[in-house]
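Participant: Please see the structure below; I have some questions.
The values are calculated or read from the model by the stated rules, or taken from the named source; none is laboratory data. None of the values given here were measured: they were computed from a predicted structure. Cβ placement follows ideal geometry from the backbone for every residue including glycine, while neighbour counts extend to all protein chains displayed. Heavy atoms of the whole protein, side chains included, go into the accessibility calculation; ligands, DNA and RNA do not. Shrake-Rupley method; radii C 1.70, N 1.55, O 1.52, S 1.80 Å.
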Amino acid sequence: MDIENTGAIPAVSSDTSPLPPIEDGLMDGLGKTEAALLVRSGSQKNQRFILSGKKITLGRADDCTIVLDDVTVSRLHAEITKDNKWMIKDMKSLNGLYVNHERVESINLEAGDDIQIGKYRFSFLLSGQNH
């Protein structure tokens, strides 16, 4: 049987393996009302991104706030905004956005949420959260 290569990027399924506890010191330095994304798996593991401003974009494009260099990530994959609460929204990405192992279009974020974008997994951190 011949298999035709269409050039399509394979779909990424949600990784449901448990994440290890957050290492000591990785939450240090968060101000009273700050939030951050901690990379738990992917090429930038243990890197922390402080979320500031009203809109944070995540994707493969160089003009995204957080650039995720992997073919499983769309050019503009997701957007995080803050009004009264932090919210993450899928920007019509090819492989989807997963929060706590469920595919979502948009959802309010809570401390400790597990976010998956392509092959990257993040923990959503809020200042003062217990881990």
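Participant: With the requirement that a residue be in a loop (DSSP other than H, G, I, E, B) and farther than 14 Å from Val104 by Cβ, what does the stretch 74-88 give you?
Facilitator: Ser74, Arg75, Leu76, Asp83, Asn84, Lys85
Participant: Go through the stretch 96-108 residue by residue and tally those that are in contact (Cβ under 8 Å) with a residue 40 or more places away in the chain, part of a loop (DSSP other than H, G, I, E, B) and either aromatic (Phe, Trp, Tyr) or open to solvent by 10 Å² or more (accessible area, probe 1.4 Å) (or both).
Facilitator: Of the residues in that region, 1 qualify.
Participant: Which residue is nearest to Lys45 (Cα to Cα), if the candidates are limited to the stretch 57-72 and must be in contact with a Leu (Cβ under 8 Å, 6 or more places away or on another chain) and crowded, with 16+ Cβ neighbours inside 10 Å?
Facilitator: Leu68
Participant: From the list Asn84, Asn5, which residue is modelled with pLDDT under 95, out of contact with any Phe, Trp or Tyr (no Cβ under 6 Å at 6 or more places or on another chain) and within 27 Å of Ser127 (Cβ to Cβ)?
Facilitator: From the options Asn84, Asn5, the qualifying one is Asn84.
Participant: To continue, here is another question. Can Lys119 be described as under 10 Å from the mean Cα position of the chain (by Cα) and open to solvent by 70 Å² or more (accessible area, probe 1.4 Å)?
Facilitator: Numbers: under 10 Å from the mean Cα position of the chain (by Cα): yes; open to solvent by 70 Å² or more (accessible area, probe 1.4 Å): yes.
Against the criterion (under 10 Å from the mean Cα position of the chain (by Cα) and open to solvent by 70 Å² or more (accessible area, probe 1.4 Å)), Lys119 qualifies.
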